[in-house]
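These notes are about the structure you will find just below.
The values are calculated or read from the model by the stated rules, or taken from the named source; none is laboratory data. All of these numbers come straight from a predicted model, not from anything done at the bench. Cβ placement follows ideal geometry from the backbone for every residue including glycine, while neighbour counts extend to all protein chains displayed.
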Amino acid sequence: MSDSSPARAAAPVLDVWCELQCPDCRDALDDLRALRARYGDRLELRLRHFPLEKHKHAFAAAQACEEAAEQGQGWAYAEAVLGRVEELSRAGEPFLIEVARELGLDAEEFDTALIDGRHILIVDADQAEGKAIGVTGTPTYVIDGERLDGGKSQEGLRERVEEIVDRLLAGQDG
């Protein structure tokens, strides 16, 4: 028996170029939570890594976030670290392991992942892609080919993302 219902169109993708030691990215969390609450699985939110040289623990944090994603808690981990950027700045890698432990993740595996660098290529690829499309700071959003820089100001960004998503979803329905 064949299913004659039309295939569900892929959800629009919002790439969020983020750095886990960035206070502006922490400030963007409320907008990201609101977008996830409003659209659910109708919008794919992808965290993309863009560690900045000025933050010495950002590259390790990006790798740790990838390990959390591998263990099924990427967003929860990113939110937990972003919520405490000052602690990350002070404590560095031990803090990243502590957050993993707090979330019930395999902290030993986090430690090993940070030592063996198994996620470096993912972080490097995200950063290279970000640079190639003009990302210079974080957070930066990219949706439907439009780049929105949240590092300068968060003002009005969520509304702009919502306008684009609503237009894309309406196009799927029509």
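Overview of values
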| quantity | calculated |
| --- | --- |
| Check on ALA100, assigned to a helix (DSSP H, G or I) and modelled with pLDDT of 95 or more | yes |
| Scope segment 74-86; condition surrounded by 15 or more Cβ atoms within 10 Å (Cβ to Cβ) and either more than 16 Å from the chain's Cα centre (by Cα) or touching a residue at least 60 places away in the same chain (Cβ under 8 Å) (or both); matching residues | ALA78, VAL81, LEU82, VAL85 |
| Subset of segment 119-130 (residues that are of a type outside the set (Val, Ile, Thr) and surrounded by 12 or more Cβ atoms within 10 Å (Cβ to Cβ)) | HIS119, ASP124, ALA125, ASP126, GLN127, GLU129, GLY130 |
| Qualifying residue in segment 33-50 (condition: under 24 Å from PHE110 (Cβ atoms) and touching a Ser or Thr at 6+ places or on another chain (Cβ under 7 Å)) | yes |
| Long-range neighbours under 6 Å by Cβ, at least six apart or interchain, first residue free of Cβ contacts under 8 Å to residues at least 24 places away in the same chain within segment 103-132, second surrounded by 14 or more Cβ atoms within 10 Å (Cβ to Cβ) and part of a helix (DSSP H, G or I) | ALA107/ILE97; ALA107/ALA100; ASP111/ILE97 |
| The listed residue being under 15 Å from the mean Cα position of the chain (by Cα), within 21 Å of ASP126 (Cα to Cα) and surrounded by 14 or more Cβ atoms within 10 Å (Cβ to Cβ), out of ASP31, ASP15 | ASP15 |
| Output for segment 153-174, where each listed residue is without any contact (Cβ under 8 Å) to a residue 40 or more places away in the chain and either among the acidic types (Asp, Glu) or under 15 Å from CYS18 (Cβ atoms) (or both) | GLU155, GLU159, GLU163, ASP166, ASP173 |
| Positions within segment 33-67 being touching a residue at least 40 places away in the same chain (Cβ under 8 Å) and among the small types (Gly, Ala, Ser), in sequence order | ALA34, ALA60, ALA61, ALA62, ALA64 |
| Complete set of residues in segment 7-64 that are part of a helix (DSSP H, G or I), over 22 Å from GLU87 (Cβ atoms) and of a type in the set (Phe, Trp, Tyr) | TYR39 |
